[in-house]
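Structure first, commentary second.
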Amino acid sequence: MPLKKGAVFFVPFLAILLYWVVHCFILSSANDFILAKKVSQLLQIGGNPYLLILVTGIVGGLAAGISAVFGKQISTFANNK
Amino acid sequence: MKYVKLFISFVFTIGIFYALNTKLGPLPPLGKFLNPGSGIWQNEKDESITGNATIPGLKEQVTVHYDEQMIPHVFAQNEHDLYKAQGYLTAKHRLWQLEFQTYAAAGRLSEIIGEGALNYDRAERRRGMGYGADQAIAYMEQYDTETLGFLQDYADGVNAYIDQLAPEDYPVEYKLLDYSPEAWSSKKTALLLMYMTKMLAGGDDDLEYTNVLRLIGKENFNLLFPDFFDSVDPVIPKDTDWSFIDVTQTELPASQVVLDTIVETIEKPNPDNGSNNWAVSGAKSVTGNPILANDPHLGLNLPSIWFVMQLSTPEHNAFGATIPGALGVISGFNQYIAWGETNATRDVIDWYKIEFNNDRTQYKYDGQWKNVRVRVEDIKIKGKESYKDSVLYTHHGPVVYDKNFRSDNERSGYAMRWIGHDGGNNQKTFIALNKAKNYDDYVNALQYWNAPAQNFVFASTEGDIALWIQGKFPNKWEGQGKFLMDGSNPENDWQSYIPQKFNAHTKNPERGFVSSANQHPVDENYPYYVFNDGYETYRNRVINTFFSTKEKFSVQDFKDLHNNNYNLKAEELVPYMLEHMDTSSLSEDEKAIYQEISTWNFNNDIDEVGPSIWRQWYGRLYNMLWDEFDVEDMALVSPYTYQTIHLLKNYGDHEFMDIVATEDKTEVAKDLFLLAFKEAAKRLKEIKEQDGDYTWVNYKSTYAGHLLQALPAFSRFDIPIGGGRNIVNATSENHGPSWRMIVEMTSPPTALGIYPGGQSGNPGSQYYDNFIDDWAAGKYHSLNFLQSDEATSAIIGTQTLIPNHD
């Protein structure tokens, strides 16, 4: 069943966000978040590893969401021809 | 409409993927950088220390045991395999640093960082760093293909690691700057050795001295910059008999100084680059075994310059500090001997004024015209077109300054004569020292060493101690190379070299110990010209005094001496200033500070305020005294601390004491004491209001900065350690004992070592900076010197390097 309206963006956005967040959390928690804390400081978001994980998720989610919107446009375009 | 929607979503998609995968300005490419599968999250771990790894070209298996400090103990069956393994393991733990240092050495930082590094790169090219590395390789190709073969082994090892490395496993810094590692080569090892030569023998003030001489005249120059201070305590003891030397000093020609005005010179290495080393004989040791110590003072960086390893074959077994990029152990020990280095600080750079013909294809020499050689330096710049710089070479060396670089004279330039360009075979010295069994082997190993000249300390299980000042030294005429020389006059060329066997040295001296701390190598009785190129004058006296305080010394005494915070410099001036300064005009606040420094015991301990007051006071005093040297558009250098203090105490009413800006007054030394004190007190009060106090630990705030412009996230700040410049514990803000080693010559030797960093180069590893706290506290780690490839209880993981049989 094709996704409609906002869901075209938000479903893949949330899916990838969740996937990336969980993936990062697993990798980082196994190492006491040593690097996450430093990179969070490097990117000037306060040295908070959880915030960096969230930002990572949003970055991945955005790419996924925007791609999905593009995909949807292609399929709409193709079907309407 | 649907076309528009399609188009917009297409642009967004392209846009977001471009933005997330491209480095925009100072930010890394965020998508790539944060992607959990390929970005920094993959670096959130320690390096593996178990399992197998394949290195093509290995002859036999190599066993690598790791102890809990993550020091690799390498057991290879032959030397070729050993250096392959060293290359592989160094790359595994320190790849980014390994490569970055050689980019810096070669003047290639613009390739990584961009245009901001262009001036740095140009200076390195013009200094002839690449040229010198080429010369070293050419020397080995002609005279020592064995060593060159080992360099290739090391390169094979590094490349085996790089070849197996997937992009997601690149060190964090590559991801941050968005580039990938390139293949390693023997030339890169030669570049690394040039980098060391520059760091330790790349400084000189000849051009600045030329300006100073023109400015203040010969008599004042000699007062301010004497070749020998009123008292020296040289590396080689004063009573040494030099009568065995039968080659005389080059005769003084009727040469004239060229009194040019030089506006600006290239950046010098940190003048604090130096070190301590010492050894006591068995007779002076509590246990009867000689004991040796070394602590090289360098910039405090992360990843640390040192990487500790045990490197063994069935024929030899060496342990100690290695430098990523160089083969073998640099400062360490094996089953029979221990060795360490301090910088000999000799003047091995001279400058010649070159006169060109009209189209700069020839230069004047000995009444004729000689052809110029051109070396085109192609400097690649990230995101821009590359920059081509043509550097002209004379028989002296590269013309560093000319109309294209920091000078505007169309038809002249300044050429550099540097021993670093002479193609030495330094690598051979380390490889031979790693295998040396006794004093003769040690002396034999040293003969290959040209530059940077080092004080090589030695102790053996046989009971010998020794110290050789080794380098290739021009046999200069009196005063040669102190100032800019006329490059067209052959008499100004280096005429010959001091024969290596006449280099100053001492073996088993009567006093029962040898030591060096970058001070004068010898006193006036040594029959060659030794110019004062910035010799240290405080650490050496504290060390030598320490060894005359009692009969016998222990390892604990050595630790105490490494961590000795006594400020001899302050002790030689503060009481004099307190006595002679007119205190009648001091305010209440100033009196309180006066009181604080009056009760200081001259130790630069972390909780003292005395060191901070002294630093402020002396710093301002020094600037006030040498205000004559604060001239725009002219490269100048002001006198050394020792002579400054000597003049303040003995020439208190000399014309230099006067502050030039106060026209109606003529200040003398004691006026400066007061003026500087009041300024210092004002600043100290500000610091107190801002930071709460000015205890030494807060005032100094020692830090270890990441190699990449001290990126705060990857650096360590506010390290609680005392000491300071010219103190045996030479830890200043960002500089200090970069490796502390103590070796007792039991059979086999028993050793302690520590450095301010950690074995891993990965900021995401717990081993990145885990030694720092113990180092700051003056603690040491026992070095587990394994005698066979059997894992002991100290071993936490074993990796086997295996040949690929295909």
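The values are calculated or read from the model by the stated rules, or taken from the named source; none is laboratory data. Every value quoted in this text rests on a predicted model; they were computed, and no experiment measured them. Note that each Cβ is placed from the backbone with ideal geometry, even for glycine, and that neighbours are counted across all protein chains shown. Ligands, DNA and RNA are stripped out before the accessible areas are found, and what is left, the full protein with its side chains, is counted by its heavy atoms. Shrake-Rupley method; radii C 1.70, N 1.55, O 1.52, S 1.80 Å.
Normalised by the number of residues in segment B:599-660, the mean separation of alpha-carbon contacts (under 8 Å, six or more apart) gives a relative contact order of 31 percent.
Excluding residues on the same chain fewer than 8 positions from A:LYS5, give the lysines whose Cα lies under 19 Å from its Cα. Correct list for A:LYS5: A:LYS72, B:LYS2, B:LYS5. Report in % the part of the accessible area of the protein assembly as shown that belongs to carbon and sulfur, leaving out ligands and nucleic acids; probe 1.4 Å. So the carbon and sulfur contribution to the accessible surface is 51 percent.
For segment B:123-278, the Cβ-based charge dipole about the Cα centre amounts to some 400 debye (Lys, Arg positive; Asp, Glu negative; other atoms uncharged).
Indicate the gyration tensor shape class of segment B:639-687 (rounded, prolate or oblate), computed on the Cα atoms with a ≥ b ≥ c the square roots of the eigenvalues: a/c under 1.5 is rounded; otherwise a/b larger than b/c is prolate and the rest oblate. Judged from the Cα gyration tensor, segment B:639-687 comes out oblate (a/c at least 1.5, b/c at or above a/b). Based on Cα contacts under 8 Å between residues 6+ apart, chain B shows a relative contact order of 20 percent. A full extension of the chain between B:THR549 and B:ARG411 corresponds to an added length of 43.6 nm, given 0.36 nm per residue minus the alpha carbon distance. Globularity index of the protein assembly as shown is 1.03 (Cα radius of gyration / 2.2 N^0.38 Å, N = number of residues). Counting protein heavy atoms only and a 1.4 angstrom probe, how many square angstrom of accessible surface do chains B and A bury in total, to the nearest 100? Summed over both sides, the interface buries about 2900 Å². Counting only residues at least eight positions apart within a chain, or on another chain, the lysines with an alpha carbon under 21 Å from that of B:LYS23 are A:LYS38, B:LYS32, B:LYS175, B:LYS380, B:LYS382, B:LYS384. Of all aspartates and glutamates in the structure, the ones whose alpha carbon falls short of 16 Å from that of B:LYS688, not counting any fewer than 8 places away in one chain, are B:GLU588, B:ASP589, B:GLU590, B:GLU596, B:ASP607, B:GLU608, B:GLU679.
Using the Cβ of B:TYR336 as centre and a radius below 15 Å, the other residues enclosed give a net charge of -4, where K and R count +1 and D and E count -1. Ranking B:PHE7, B:LEU207, B:MET485 by Cα position along the charge dipole of chain B, where only Lys, Arg, Asp and Glu carry charges on their C-beta atoms, puts B:PHE7 farthest toward the positive end. Summing Cβ point charges (Lys, Arg +1; Asp, Glu -1) relative to the Cα centre of chain B gives a dipole of roughly 1840 debye. Using the Cβ-Cβ distance between B:TYR143 and B:PHE228 with R0 set to 41 Å, the FRET efficiency works out to roughly 0.65. Each residue, B:LYS238 and B:GLU689, gets one label point 7 Å from its Cα in the Cβ direction; the gap between the two is 5.0 nm. Normalising the average separation of contacting C-alpha pairs (under 8 angstrom, six or more residues apart) by the number of residues puts the relative contact order of chain A at 41 percent. Starting from the Cα of B:GLU733, move 7 Å in the Cα-to-Cβ direction to define the label point; list residues of segment B:685-715 whose amide nitrogen is under 13 Å from there. Output list for this probe position: B:699-705. Summing +1 for each Lys or Arg and -1 for each Asp or Glu among the other residues whose beta-carbon sits under 13 angstrom from that of B:THR429 gives 0.
Taking square-rooted eigenvalues a ≥ b ≥ c of the alpha carbon gyration tensor, is chain B rounded, prolate or oblate, where a/c under 1.5 means rounded and, failing that, a/b exceeding b/c means prolate? In terms of gyration-tensor shape, rounded.
Working note: 222 nm ellipticity from helices only, DSSP H runs with n ≥ 4, each -39,500 (n - 2.57), summed and divided by the residues of chain B, gives -10000 deg cm²/dmol to the nearest 500.
The residues neighbouring B:ASP169, those whose beta-carbon lies less than 15 Å from its own, together hold a net charge of -2 under the Lys/Arg +1, Asp/Glu -1 convention. Based on protein heavy atoms only, chain B ends up with 37 Å² per residue of surface accessible to a 1.4 Å probe.
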